[in-house]
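Worksheet: the structure to be examined is printed underneath.
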Amino acid sequence: MPVIKKELARLNTSAKKNYGQNFLSNQSKIQKIVDEILRNSSSDIIEIGPGLGAITEPLAYKKRDIICIEKDKVLIESLKEKFELKKNITLINEDVLKIDFKSISSENSIIVGNLPYNISTKILIKFVNELYQDTNKGIFMFQREVADKIIAKKIKKNQLSSKIKIFYKVQEILKLSENDFWPPPKIKSSVLLFTPRKIELNNLNMKDLDQFLQCAFYSNRKKIVNNLSNKYDKDKILSILKNLGINDKARAEEIDEKSLLKMFIMISSNKF
Ligand code: SAM
C-alpha cells in the first residue's frame, strides 16, 4: 500500500477530489521544489495547501518561518500533531481565497504551493491583484495546460497571461508527471516561478488595466484596434500604435506585454 494511502487511512480520511488532493510522492521532485523555494527566498514562506506536509516538512528543518493555509480540518489536525514542537510553523485552517495575502506577508515572504487544480487560476489572480506592487515572489504548481497558457509567448496568449507577465517574469522550473503524485491525477503538472518586475501603475489602477486587457483580447481573431475601439477612440488607438511602431493589423496576442502596458498608459493619458 502506498505510504500516502496508509497515512490517510491512519487519519481515517481519503483523498478528497473537491479539494484537489493529489499528494506529492516523488521524493526527488519534492527536493527540487524545496531547493527552488530556498534559492528564491531569504525570509518567511507562506504555503498554500500543505496537505500532509510533503513540502512543509523539509522546509521546516531549514529554520524558516512558515505560515501554512489549509482548508481541510483533518489535515490541519495531522499537521498540528506533526509540527507540535516546531515554533517556526503557523497553521491556519481557512480557505485561501478568504485570506488577505498582504496582511500575512512581509516584504520578502515567498508564497508557494502545489495548488488545488480546481481553484489554481483564482489563487493566481488573487496573488497578482493583492501583491503586484510588492516584492514577493511566488512558486506555484499548476496543471500543465494552465501553466502552458500562462507562459505562452504568442498563440494561446490571453488576457490573464498578459496581465501576469506585465507584472512578473514567469519561468517554468519543473515538470511533473501523473506518477509523481498519489493518487495520480489524470493530467501532467508544471511548477512556475513568478518574479516581480516592480511595475508601478502610478495613478492608474488594476481595474482599468483589467478593462483595457479584456477589451484588447475581446475577440482573438480581430485586430487589437477593432477590439479596443469598442471602448476607446479609434484615432487615438491608431496614433498610439504608430507611435509604438506596432502594425495596425496586429492582434493583441501578437503584442508583447511591455507594449501592451505602454498602450494602456498612453490610452489613459490625455496626450494622444
Ligand atoms: N502540498 C501537498 C502536496 O504537495 O502533497 C498537497 C497539495 S494538494 C494538490 C492541494 C492542497 O490544497 C490539499 O491539501 C487541499 O486540502 C488544499 N486545499 C484545497 N482547497 C483549498 C483552499 N480553498 N484553501 C486552502 N487549502 C486548500
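The values are calculated or read from the model by the stated rules, or taken from the named source; none is laboratory data. The structure presented is a predicted model; accordingly, all values stated were derived computationally and were not measured. Cβ sites come from the backbone with ideal geometry, for glycine too, and all protein chains shown count toward neighbours.
Annotations for the structure displayed:
Yes/no matrix, rows are residues, columns are (1) within 13 Å of the ligand (Cβ to nearest atom); (2) among the aliphatic types (A, V, I, L, M); (3) within 19 Å of the chain's Cα centre (by Cα):
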{"site": "Pro2", "(1), (2), (3)": "yes, no, no"}
{"site": "Ala15", "(1), (2), (3)": "yes, yes, no"}
{"site": "Asp44", "(1), (2), (3)": "no, no, yes"}
{"site": "Glu57", "(1), (2), (3)": "yes, no, no"}
{"site": "Tyr61", "(1), (2), (3)": "no, no, no"}
{"site": "Lys71", "(1), (2), (3)": "yes, no, yes"}
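- Scan the range 86-111 for residues that are under 21 Å from Val191 (Cβ atoms) and more than 9 Å from the ligand (Cβ to nearest atom) and the total you get is 6.
- Boolean, Asp210 is of a type outside the set (A, V, I, L, M, F, W, C) and outside the structural domain of Arg39 (by TED's automatic domain parsing): yes
- Pair list, Cβ < 8 Å and 6+ apart or interchain, from the range 83-100 residues that are of a type in the set (Lys, Arg) to residues that are modelled with pLDDT under 95 and not in a loop (DSSP other than H, G, I, E, B): Lys86/Ala60
- Tallying residues that are within 14 Å of Asn129 (Cβ to Cβ) and out of contact with any Asp or Glu (no Cβ under 9 Å at 6 or more places or on another chain) within the range 92-111 yields 2.
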